[in-house]
1. With the cut-off at 25 Å, tell me which of the pairs A:Lys112/B:Lys148; A:Lys112/A:Lys139; A:Lys17/B:Lys112; A:Lys139/B:Lys25 have Cα atoms farther apart than that.
2. Given the rule -39500 (n - 2.57) for each run of at least 4 DSSP H residues, summed and divided by the residues of chain B, what is its mean residue ellipticity at 222 nm, to the nearest 500 deg cm²/dmol?
3. At most 14 other Cβ atoms within 10 Å and a DSSP loop assignment: could you name the trypsin sites (Lys or Arg not before Pro) in the range A:60-103 that fit?
4. Taking only C-alpha pairs under 8 Å that are 6+ residues apart, what is the relative contact order of chain B in percent?
5. Helix A:56-69 against the longest principal axis of chain A: what's the angle in degrees, Cα atoms only, rounded to the nearest 10?
6. What base-10 log of the normalised intensity I(q)/I(0) is obtained for the range A:52-183 from the Debye formula, alpha carbons as equal point scatterers, at q = 0.11, 0.13, 0.21 Å⁻¹?
7. Mind listing the long-range amide H neighbours of A:Asp167? Cut-off is under 5 Å, sequence gap 5 or more, other chains count too, H placed in the peptide plane at 1.01 Å from N.
8. Per DSSP H run of at least 4 residues, take -39500 (n - 2.57); add these up for chain A, divide by its residues and hand me the 222 nm value, nearest 500 deg cm²/dmol.
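Nothing in this text is a laboratory measurement; each read-out follows from the coordinates by a stated rule. For clarity, every value in this text was computed on a predicted model and none was experimentally measured. Reconstructed Cβ throughout: ideal geometry from the backbone, glycine too, with neighbour counts over all protein chains shown.
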Amino acid sequence: MPTQSTDAVEEVRDMAKEFYGGFVPNQIKVLNEHSPAAARTYIATMDLVEQGELPDHERETVILTISRYNDCHYCTRTHAFLGRQAGLDQEAIQAIHRGGLPEDDRLRNLVKATRLLLDKRGWLDEDDLSNLQWEGIGKTELYEINTLIGLKIFSNYVNHVAQTEVDELVTENPDIQEMWPVLGKMDW
Amino acid sequence: MSSALTRDVEQTATEAYGAVPNLFKETNQYTGAPGAVYVAADAALMDGNLRPVDQQVVLLTLARYHNSRYDSVIHARMALDAGLPPATIDRLLAGETVADDRRQALVEATLKSCEERGWLDPETLRDFEARGVGRGELYEIFAFIGLKTFTGFTSHIADPEVDGPLKDVEASLEEVPDEPETIERQRLFMG
């Protein structure tokens, strides 16, 4: 198996610190240990998708939906934390985690669209597209949801295999601790 | 629409591929994020554990898995450029096994990861590692699964025309995956 060059590993660590405000998330450490290129891919692409058209709280809603769909212990908890920072309320996050729908119409429609895309593996027919359009979900939203599905499949699968430990920054957050009955506390 | 992201996609894709692929011409009308994410990931993964020919084995497997005509043709062209024999490309697009065990291990790791949604057990991981697909390769396969899921899903909606310079490749392929006859929703959650 290829050995990772020290330079490549350090470059990614520096890139992560810059992107995450001096902090290197455990998921990036896990990726960087075996493939700095994969770690770099994740950091760079998440940076780009954050520059897309969906506002932060809508993007986090979609990410939570995908991560719950794939049962990713790391991303459901990490994006519960990031979702709170982006302005999502506890109830919306917990509804998604329970497999339900948020009360807010716009978030509800984004969750429904994300689940529809995943359930049908992207094969939406004319009726689907028309119904979604009626609910305010057009191609801008669908194309960004698809992009997020791709990025989260990548990280969700990595975390399944690596059993990545959830970062203390997340587990020690009071909002997250309040949500343990729904999110489930990880016993490491 | 025009934004910093869409302009970046136009410039970077033209430099990397010679032109902006039709799929990203379509997405750029609505948002620059898909194209920008794709070209950035494609460039970053070129420095990974998987060599270009390995990458194309994985990408052709995924194009077939998603029944994506558009991705099948693009990656057939890129696979030829990477040195994969035409007969192997046809076998991958037909879902047939390939003779080289390392390449077959890449195919199996890709399909197993898709079917199990990344829940690979320790015995499976050991088997792949023994056949040359270790953790680093697997993580890069996961990245490609993500990329091809998003381009596949987007192609299903956008139905882009195969790019002009690739039409001769499309014509030369024995079998090109396409939309399945029946599409059923497998509902996991409410909504």
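1. Flagged as over cut-off: A:Lys17/B:Lys112.
2. -20500 deg cm²/dmol
3. A:Arg98
4. 27
5. 80
6. For the range A:52-183, the Cα-only Debye profile gives -0.36, -0.51, -1.26.
7. A:Asn26
8. After summing the helix terms and dividing by residue count, I get -21500 deg cm²/dmol.
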